[in-house]
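Nothing in this text is a laboratory measurement; each read-out follows from the coordinates by a stated rule. These numbers come from a predicted model, not from an experiment.
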């Protein structure tokens, strides 16, 4: 379990440096609104907003932004890498974090 957590931290750290290239400007005036999150009940629009907020590439957003939360959560790492070769592993890591947060506290993580 510790190895998995270390891997997630490593991937998230790498993802943050990549994420800066695709940063989407905040739409709120106050800047204090929480980042979008997804659940199993999320609509395709909510999934798309979450992908945009996470800074994924336009190709990844258009490819996965048509899925519901349940559909996105059902994909495994290899399937995500097939659909999104550049972002697949990072999407899988972020989805894993969201699923874990839902299982533990019922609220999505805001990373």
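Values computed for the structure shown
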item	result
Extension gain from residue 40 to residue 66, taking 0.36 nm per residue of separation minus the Cα-Cα distance	7.9 nm
Region 35-102 shape via C-alpha gyration tensor axes, a/c threshold 1.5	rounded
